[in-house]
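The values are calculated or read from the model by the stated rules, or taken from the named source; none is laboratory data. Because the structure is predicted, anything quoted here is derived from the model rather than measured. All Cβ positions, even for glycine, are placed from backbone atoms using ideal geometry, and neighbour counts span all protein chains on display.
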Amino acid sequence: MEVSKIIKGKHNFLSFSKFSKKQNYDCEIFTSKWVFDDKNHEKLLYIIHGNRFLHHMVRYLVGSMIAVSQNKISIDDFRILLNQPIKDAKIFKAPSNGLVLKEIFYEN
């Protein structure tokens, strides 16, 4: 999906997080892509690497990207949510049952 490329870079992800009283909603995303599973070519995987993630951020991103692919929201609306972040944005959330945390890397 082309929309996954928009996420790469440093952005304020307030629109794509469960609101809390954090002072900083900035995250830098290094990798954001959809790929077919090597073992099951009918399964689509979303790969994301970043310096940090906010509460529900990945679920909101995945749900919203799927909504773009289903024409429930436009890619321009997605871009606006990313570039003009708002609290309590009305966006789509993917279910948690398909979410898998594979690895965590720490820098010294």
### Yes/no for residue 62 being out of contact with any strand residue (DSSP E or B) (no Cβ under 6 Å at 6 or more places or on another chain), of a type in the set (Val, Ile, Thr) and either at pLDDT below 95 or buried (at least 19 other Cβ atoms within 10 Å of the Cβ) (or both)
no
### Task
Tell me which residues, restricted to region 3-36, are surrounded by 14 or more Cβ atoms within 10 Å (Cβ to Cβ), without any contact (Cβ under 8 Å) to a residue 60 or more places away in the chain and assigned to a strand (DSSP E or B).
26, 27, 29, 32, 33, 34
### Task
For region 71-95, enumerate the residues that are part of a helix (DSSP H, G or I) and touching a residue at least 60 places away in the same chain (Cβ under 8 Å).
75, 78, 79, 81, 82, 83
### Query
Has region 51-59 got any residue that is modelled with pLDDT under 95 and farther than 11 Å from residue 16 by Cα?
yes
